[in-house]
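A quick write-up on the structure given underneath.
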């Protein structure tokens with residue numbers, strides 16, 4: 001890759017030098033801004049196309065990818081219209097990382113309106129082509145500028161004033177076309193590699209699930225005789241296995257919430273505290289060092305002993321985030337600790353059982369709403385398929401080895417994907433800011 005021949009100072013420290021023949025303007029110098037429309041839920045589900053926060057965030061502003069409808073009148077359709085070349089920015093979120101994400105509309109969407117969580121920028125004239133704009137506003141340098149300018153109180157929010165001061169580099173129309181074509185080719189090649197790797201990772205994730213399902217439901221001995229479990233949704237199980245209620249062999253209890261995290265920042269003589277976010281969705285691995293520590297001896301907090309299962313009971317992660325502790329921990333009230341008190345039960349076996357269809361069917365059958373929860377009093381009566389203790393231990397060891405191998409493969413694939421995504425970001429940034437010459 002080649003640098004441009006002559007550069008000039010941009011006057012902005014983080015942007016550095018720019019190609020000598022490129023123009024420099026603030027976004028507000030060649031266009032106008034409009035916040036989107038806010039409506040009650042009774043206006044949604046029918047009517048005209050509606051560009052959501054998700055459409056902007058995922059860069060899916062096209063008639064075939066918009067899946068939301070909103071009732072709107074002619075006046076709203078005019079004020080909040082969605083035209084070719086319009087650039088939309090995410091306006092508000094709980095995290096600064098999700099603010100200022102941009103998406104350029106490539107084709108006018110008739111009668112469409114857009115969300116109040118979004119800002120629209122519309123050019124006066126055609127300073128930037130829609131193709132160049134599509135890449136320019138994704139540049140890391142723009143994200144850096146907006147991140148530094150945004151003030152956070154309880155939620156991150158992007159104002160028209162801050163967005164209007166965004167520095168914009170403007171090559172000639174010919175250079176814009178050349179840059180867009182170059183990036184189309186390069187980005188498509190990277191995206192293809194990312195897609196193939198993602199498919200590969202998904203295959204191994206499904207393979208991981210199938211191994212767990214098959215092993216905890218039927219055991220390791222494929223020649224063993226089966227019997228009817230007596231429960232329709234469980235079906236047949238190995239002849240010498242039993243079906244027991246969870247409460248008959250395991251103790252269950254929920255944790256404690258924290259109102260002021262600042263009171264629990266001293267790591268000395270403390271126990272780690274686990275929140276729902278600290279459980280990895282794919283592998284169940286726990287993040288112990290999250291900055292919250294409960295003083296040893298604090299009687300206000302319940303403790304999950306080493307080798308306990310932690311399962312989320314509330315919210316979008318209910319029944320989906322399940323971890324296994326390798327030490328004593330305190331934990332949030334949305335999590336439930338499950339620990340055996342029976343000598344005939346292996347905790348690690350139960351951990352894998354909670355990831356099987358036999359457990360999931362019971363859990364999601366009583367889940368209250370899409371983002372509701374499951375009562376602890378009901379989980380206690382869940383049925384558990386129990387092999388002999390020897391088999392439970394063998395199954396747990398077998399699955400430990402299998403899942404660790406698969407997790408290493410998936411982790412390696414994810415590392416490759418992350419590298420390619422970072423390369424994609426760097427390439428776009430360096431080309432649209434003139435660091436790399438493609439003309």
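Each value in this text was obtained by applying a stated rule to the coordinates, not by laboratory testing. Every value quoted in this text rests on a predicted model; they were computed, and no experiment measured them. Here the Cβ positions follow ideal geometry from the backbone for every residue, glycine too, while neighbour counts run over all protein chains shown.
What's the FRET efficiency of residue 140 with residue 397 using the Cβ-Cβ distance as r and R₀ = 45 Å, to the nearest 0.05?
The calculated FRET efficiency here is 0.50.
Which residues does the label zone of residue 74 cover in region 109-147, counting backbone N under 16 Å from a point 7 Å along Cα→Cβ?
Residues passing the 16 Å test: 111-112.
Rounding to the nearest 10 and keeping the result within 0 to 90°, find how far the Cα-based axis of helix 389-432 lies from the longest principal axis of the chain.
0
7 Å from Cα along Cα→Cβ at both residue 106 and residue 43: what's the point-to-point distance in nm?
Taking the simple label geometry, residue 106 and residue 43 are separated by 2.9 nm.
Report the residue, chosen from 282, 42, 84, that carries the largest GNM mean-square fluctuation when the chain is represented by alpha-carbon nodes joined by springs under 10 Å.
For the chain, modelled as a Gaussian network with Cα springs under 10 Å, the answer is 42.
What fraction of the DSSP beta bridges in region 23-170 is antiparallel, stated in percent and rounded to the nearest 5?
Beta bridges within region 23-170, antiparallel portion: roughly 90 percent.
Here are labelled values, (i) 191; (ii) 154; (iii) 163, and one is the computed volume of the Cα convex hull per residue in Å³ for what I pasted. Which one?
Answer label, from the structure shown: (i).
Among rounded, prolate and oblate, which fits region 23-170 when a ≥ b ≥ c are the square roots of the eigenvalues of its C-alpha gyration tensor, a/c under 1.5 means rounded, and a/b larger than b/c means prolate?
The shape class here is oblate.
Among 347, 221, 383, which one shows the highest mean-square fluctuation when the chain is modelled as a Gaussian network with alpha-carbon springs under 10 Å?
221
For helix 140-149, what angle does its Cα long axis make with the longest principal axis of the chain, in degrees from 0 to 90 and rounded to 10?
80
Given the Cα-Cα distance of residue 423 and residue 26 and 0.36 nm per residue of separation, how much length would full extension add, in nm?
Extra length from residue 423 to residue 26 when fully extended: 140.2 nm.
How far is helix 173-218 tilted off the main Cα axis of the chain, in degrees rounded to 10, range 0 to 90?
Between the helix axis and the principal axis of the chain, the angle is about 10 degrees.
Can you tell me what share of the DSSP beta bridges in the chain is antiparallel? A percent to the nearest 5 is fine.
That works out to approximately 90 percent antiparallel.
With the crude spin-label approximation of a point 7 Å out along Cα→Cβ, what separation in nm comes out for residue 8 versus residue 59?
3.0
State the three equivalent ellipsoid semi-axes of region 311-395, derived from the C-alpha gyration tensor as the square roots of 5 times its eigenvalues, in descending order and whole Å.
23, 16, 11
Using alpha-carbon positions, what is the distance between the centroids of region 16-35 and region 371-415, in Å?
Using only Cα atoms to place each centre, the spacing works out to 54 Å.
Any idea how far apart residue 126 and residue 254 come out in nm if each label point goes 7 Å out from Cα toward Cβ?
5.9
Using just the helices of the chain, give the 222 nm mean residue ellipticity in deg cm²/dmol: DSSP H runs with n ≥ 4 each add -39,500 (n - 2.57), and the total is spread over all residues, rounded to 500.
-10500 deg cm²/dmol
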